Amino acid sequence: MEKSITEKIIQSHCDKKELRRGELIKAKVDFAFANDITGPLAISVFNEIGSKEVFDRNKITLIADHFTPNKDIKSAEQTKILKEFSIAQNLNYYYELGQVGIEHALLPEKGLVLPGQLIIGADSHTPTSGALGALAIGVGSTDLGVTMATGEVWLKVPESMKFIYGGKLNRWVGGKDLILYTISKIGVDGANYRVMEFAGEVIKNLSMDNRFTMCNMAIEAGAKSGIIEADEITEKYLHEKTEKKYTILKSDPDAEYEKVIEIDVTDIEPQVAFPHLPENSKGISEVKDILIDQSVIGSCTNGRIEDLRIAAEILKNNKVNKRVRLIIIPATQQIYLEALEEGLLKIFIESGAVVSPPTCGPCLGGHMGVLAKGERAVSTTNRNFVGRMGHPESEIYLAGPAIAAASAITGKISSPEEVI
Amino acid sequence: MRIIGKVWKFGNHIDTDIIIPARYLNTSDPNELALHCMEDYVRDFVKKISPGDIIIAGDNFGCGSSREHAPIAIKEAGISCVIASSFARIFFRNAINIGLPIFESSEASLGVLQGDELEVFPEEGIIKNITQNRVFKTNPMPVFIQSIIASGGLVEYTKKEIERR
C-alpha cells in the first residue's frame, strides 16, 4: 500500500509489519522534551513509576523557556526542579539561562531534531519541528514522564490531510499568513486528530523559518502535527547545524489522504486573526481602525531571524507610536546575536521598541508584556484566546511580523504598505 | 460504577486558557490549580459547584495548550466527568492518562440543559438525563484506552507493564 510520510515514520518506529489507520500502537521515540510548566509534572510521573534512570540521556532535554528569566519564586522553584533532574540524570543537553531559548526554535537550531524522527514534546507547539520532515507530536506531562522512563509512547495511527499551495505569494505574505488563512478555511478543529501535510510549489520555495511557522500552528487547527517533506532547503539548513546522520522519508505519490485541499495563494493578503480564535482571520484590507496598545514580535511562531529582518525593514527610520509598547523577543540567544551583528537591534531600539531576552513570556500572559483590562495587542504569537495575554477583558489580534511592526508605528492595525 | 451529578453547560472550543489560565501555571499543586478552574468564564465556578457535578460541552473541548494542569484542575475541583461532542486530542490523552473520566456524545451535548441531573454508567457507555427522562449512548472507547482507564491511569498501567517485562 502507498503510504504518507507520517505513516512511514510511525512504521519505522514500531515493530508492526502493517499499520491500519485508527489503530493504537506503541512507538519508539527518538527525542523527548518538556518545559518549565510541563516538566516538573513529568518528573513527578517519572519518579512515581519508580524509574531510576531515563531511557537515554542523549535523547531528552528539559527547557526552561515559559516563565524565564524566572518571574517569581514559584517559577524559580519549577526551573530548579528541571535543573536538578537534568544534573542528577546526567542529561547530555541542558541549557541554563544565557544558553536557553524558546524550545521549538532551540531544538532545530542545536541540531537535536532531524528528518525521519519521531519526536515527543510536552508542549502543544511541538509540531514546529515537523518542518524538518520529522513527526513531532505534542503530549501532556504524564505521557512525557512515561516516555522518559520507557522511550516509548502510545499513539493512534492518524489520518493525514494534504494541503497543496500553488500560485505566487504577494509581498509581505509569509508562512504566518498562509497558516492563518488555512485555519480560517478549515476551523480550529478542522484537522483534529489528523496530520496536516503541507506541500506544493509554494512550500518548496519557502524558507525554513517560514516552514517552521506553518508547522508550529498546525495545533491551532487541532492537528496531531504538521509536516513538510525534507528537501534541499532542509538539508542546507541542517548542514550548518549538525553532522548527525538522518533518513529522509517522502510520501508515496498515491498515498491516501482523508482530504486534499488545494490553495491558490495568489489572492492571499497579509492576515489578521481577530479575537478570540485563530480561525477568525481576515485579509488586512478588511481591517479598519483598530487601535492597539501593544505589539509583540516573537514566540515559537515568529521569533526567528527572518521575522526580525522583516520587522527591521519596516521599523528602519520610523518611530513607534507614542501610545504603543513594541516588544521584540528573539527566540534564541543565537538569533539575538545574529540580530545584533546585522544591526537589527539598533534599528529596534532607535525606533522605540524594547528588546527582551528569549522567553515565551507575553504569549501566554506569563510576564514581559501582560495586558491590562480593555487593552488590545497585535501579536505574532499563536493564540488569541480570552485572557491569553493577560486580563480576561483584553484582546489579541494575531498577525505576521510585517503587520505587527507596521501597526506599532501607526498605532492601529496596519498594512506595511502604509508605512514603507 | 456509576456517576451522578448536576450539569454545568459550556459551549464549543473551551480552551485550556479558560480551564486554567496560564498565570497560575507557576505551580503544579493540584489544590491550588483547582481554585482557579474556569474562573475567567464562570465567576466563582469552583465555589458554585458541588462534588460530583458534570461538565457538558460542545466541540473541541480542551483545545490549545498541552498543559495537563487543565484536566488536573477539573478533577481536583470535584468534577466527576466531562461529556463533550468532541475533545481536542492532547486534552483527550491527558484526561485518560490522569484518570479523569471523559465521554464523547453529541446527542448528550445537545440534549442536556444547565442544572439537569445526570446518571452516567461508564462501562455501559450510557448517560441518563434524570431531569428530562432521556437516555443517550456514548461512543465506546478503544480496548487499549479502556485498559489504561481500568488500571487507574497511565502511571499505574506503565508500572504493571514494567513489572511484566
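Condition first: hydrophobic (A, V, I, L, M, F, W, C) and part of a strand (DSSP E or B). Now tell me which residues in region A:279-316 satisfy that.
A:Leu291, A:Val296, A:Ile297
Considering only residues that are within 13 Å of another protein chain (Cβ to nearest Cβ) and on the phi > 0 side of the Ramachandran plot, look in region B:119-165 and name the one that is surrounded by the fewest Cβ atoms within 10 Å (Cβ to Cβ). Looking at residues that are within 13 Å of another protein chain (Cβ to nearest Cβ) and on the phi > 0 side of the Ramachandran plot, I get B:Gly152. Here A:Ser141 fulfils each of the conditions (1) closer than 23 Å to A:Ala64 by Cβ; (2) among the polar types (S, T, N, Q); (3) within 14 Å of the chain's Cα centre (by Cα) apart from (3).
Scanning region A:30-71 for residues that are within 13 Å of chain B (Cβ to nearest Cβ), within 25 Å of B:Lys160 (Cβ to Cβ) and of a type in the set (Lys, Arg) yields one hit, A:Lys52. Just a yes or no: is a residue in region A:327-343 away from chain B (no Cβ under 14 Å) and over 22 Å from A:Ser207 (Cβ atoms)? The answer is yes; a qualifying residue exists. Of all residues in region A:380-395, at least one satisfies being in contact (Cβ under 8 Å) with a residue 40 or more places away in the chain, of a type outside the set (Phe, Trp, Tyr) and away from every other protein chain (no Cβ under 14 Å).
A:Val188 satisfies every condition listed in (1) over 17 Å from B:Asn60 (Cβ atoms); (2) surrounded by 21 or more Cβ atoms within 10 Å (Cβ to Cβ) except (1). B:Ile56 falls short on exactly one of the conditions (1) touching a residue at least 40 places away in the same chain (Cβ under 8 Å); (2) crowded, with 21+ Cβ neighbours inside 10 Å; (3) not in a strand (DSSP E or B), and that condition is (3).
In region A:162-182 there is no residue matching the filter, namely being crowded, with 24+ Cβ neighbours inside 10 Å, within 14 Å of chain B (Cβ to nearest Cβ) and not acidic (Asp, Glu). Restricting the search to region A:372-388, which residues are crowded, with 24+ Cβ neighbours inside 10 Å and in a strand (DSSP E or B)? Those that are crowded, with 24+ Cβ neighbours inside 10 Å and in a strand (DSSP E or B): A:Ala377, A:Val378, A:Ser379.
Determine, yes or no, whether A:Cys363 is of a type in the set (A, V, I, L, M, F, W, C), at pLDDT 95 or above, under 17 Å from the mean Cα position of the chain (by Cα) and closer than 22 Å to A:Gly411 by Cα. Spell out how you get there, then give the answer.
On the way: of a type in the set (A, V, I, L, M, F, W, C): yes; at pLDDT 95 or above: yes; under 17 Å from the mean Cα position of the chain (by Cα): yes; closer than 22 Å to A:Gly411 by Cα: yes.
Yes, satisfied.
The single condition from (1) buried (at least 20 other Cβ atoms within 10 Å of the Cβ); (2) more than 12 Å from chain B (Cβ to nearest Cβ); (3) hydrophobic (A, V, I, L, M, F, W, C) that A:Cys363 fails is (2). Only residues that are out of contact with any helix residue (DSSP H, G or I) (no Cβ under 9 Å at 6 or more places or on another chain) and of a type in the set (Lys, Arg) were counted in region A:277-292, giving 1.
Working only within region A:193-226, note down all residues that are among the acidic types (Asp, Glu) and farther than 14 Å from A:Pro278 by Cα.
A:Glu197, A:Glu201, A:Asp209
All told, A:Ile81 meets the bar of being surrounded by 16 or more Cβ atoms within 10 Å (Cβ to Cβ) and either of a type in the set (A, V, I, L, M, F, W, C) or part of a loop (DSSP other than H, G, I, E, B) (or both). Restricting region A:107-127 to residues that are farther than 15 Å from A:Lys241 by Cβ and away from chain B (no Cβ under 12 Å) leaves a set whose member that is nearest to the chain's Cα centre (by Cα) is A:Ile119. The residue of region B:55-103 that is nearest to B:Val42 (Cα to Cα), among those that are among the charged types (D, E, K, R) and within 11 Å of chain A (Cβ to nearest Cβ), is B:Asp59.
Restricting region A:31-78 to residues that are without any contact (Cβ under 8 Å) to a residue 12 or more places away in the chain and not in a helix (DSSP H, G or I), the residue that is surrounded by the fewest Cβ atoms within 10 Å (Cβ to Cβ) is A:Lys52.
Within the bounds of region B:60-72, is there any residue that is surrounded by fewer than 24 Cβ atoms within 10 Å (Cβ to Cβ), touching a residue at least 24 places away in the same chain (Cβ under 8 Å), outside any loop (DSSP other than H, G, I, E, B) and not hydroxyl-bearing (Ser, Thr, Tyr)? Within region B:60-72 (the criterion being surrounded by fewer than 24 Cβ atoms within 10 Å (Cβ to Cβ), touching a residue at least 24 places away in the same chain (Cβ under 8 Å), outside any loop (DSSP other than H, G, I, E, B) and not hydroxyl-bearing (Ser, Thr, Tyr)), the answer is no, since none of the residues qualifies. Condition check for B:Ala22 on (1) of a type in the set (Gly, Ala, Ser); (2) surrounded by fewer than 24 Cβ atoms within 10 Å (Cβ to Cβ); (3) more than 19 Å from B:Leu154 (Cα to Cα): one failure, at (2). When the residues of region B:25-42 are filtered to those that are more than 10 Å from every other protein chain (Cβ to nearest Cβ) and in a loop (DSSP other than H, G, I, E, B), the one that is surrounded by the fewest Cβ atoms within 10 Å (Cβ to Cβ) is B:Val42. Only one of the numbered conditions (1) under 17 Å from B:Arg67 (Cα atoms); (2) surrounded by 24 or more Cβ atoms within 10 Å (Cβ to Cβ) is violated by A:Ile119, and that is (1). Of everything in region A:256-294 that is under 23 Å from A:Thr128 (Cα atoms) and polar (S, T, N, Q), the residue that is surrounded by the fewest Cβ atoms within 10 Å (Cβ to Cβ) is A:Asn280.
Confirm whether A:Asn210 is closer than 18 Å to A:Glu109 by Cα and either within 14 Å of another protein chain (Cβ to nearest Cβ) or assigned to a loop (DSSP other than H, G, I, E, B) (or both). Break it down stepwise before answering.
Numbers: closer than 18 Å to A:Glu109 by Cα: yes; either within 14 Å of another protein chain (Cβ to nearest Cβ) or assigned to a loop (DSSP other than H, G, I, E, B) (or both): no.
So A:Asn210 fails the test.
The values are calculated or read from the model by the stated rules, or taken from the named source; none is laboratory data. Note that the structure is predicted; figures quoted are calculated from it, not measured. Neighbour counts are summed over all protein chains in view; Cβ atoms, including those assigned to glycine, are modelled from backbone coordinates with ideal geometry.
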